[in-house]
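Taking it in order: structure first as structure tokens, then the write-up.
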């Protein structure tokens, strides 16, 4: 999650075959990042979130509707080509987002909204690292892998990162009575500031709209 003062995530373009080099650079970035004070409203530090994210990680199966998912891929795949040139990586992002936003027995999390968060947070760069030390596609804070018994480098993997990010975003939507703006402020750690939610909602409604609410009830955008 980028800090409010960080306009864009700082991307580390490191090839997949050099994980040790990337980990070294990530360590340097985290050491250089400004310290985060333990105050209410800091992104992703709510104590209740641990069980929510743990459950999302453990329940990874997707039972999505085949017709709806086909519509989703048809609409979104051409748009994502602008950002992600590798076809396999592109399909993995779309599949993971669709599955995580269509979990059975969960509250509404529009897939188009998640795509907008990915867009604004990292420009779909799974190697992105923010000035606050957040990592990957949805800019998940690096303390999460340690709390869940995972390795920090797993935040650069599409499935793990998107799964954690979606669980956190859904939690904030539920906590804020389905109010998207307030949920996005908490996700970004910028409560009371409109810049971040405005950017995400503009991307959602102008570029990533279309197939995000298939078979799901709406949420409040204003």
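Going by the conditions given, is residue 173 at pLDDT below 90, in a helix (DSSP H, G or I), crowded, with 19+ Cβ neighbours inside 10 Å and under 14 Å from the mean Cα position of the chain (by Cα)?
It is false that residue 173 is at pLDDT below 90, in a helix (DSSP H, G or I), crowded, with 19+ Cβ neighbours inside 10 Å and under 14 Å from the mean Cα position of the chain (by Cα).
Take the residues in segment 103-119 that are under 11 Å from residue 166 (Cβ atoms) and more than 15 Å from the chain's Cα centre (by Cα); name whichever of them is surrounded by the most Cβ atoms within 10 Å (Cβ to Cβ).
103
Residues in segment 87-118 that are within 19 Å of residue 74 (Cβ to Cβ) and free of Cβ contacts under 8 Å to residues at least 24 places away in the same chain: how many?
So the count comes out to 5.
Could you please find all residues in segment 50-96 being outside any loop (DSSP other than H, G, I, E, B), at pLDDT 60 or above, buried (at least 17 other Cβ atoms within 10 Å of the Cβ) and under 17 Å from the mean Cα position of the chain (by Cα)?
76, 80, 90, 92, 93, 94, 95, 96
Given the residues 183, 160, which is the only one that is under 17 Å from the mean Cα position of the chain (by Cα) and in contact (Cβ under 8 Å) with a residue 40 or more places away in the chain?
Criteria check complete, one pass: 160.
The values are calculated or read from the model by the stated rules, or taken from the named source; none is laboratory data. Quantities reported herein were computed from a predicted structural model and do not represent experimental measurements. All Cβ positions, glycine included, derive from the backbone under ideal geometry; neighbour counts span all protein chains shown.
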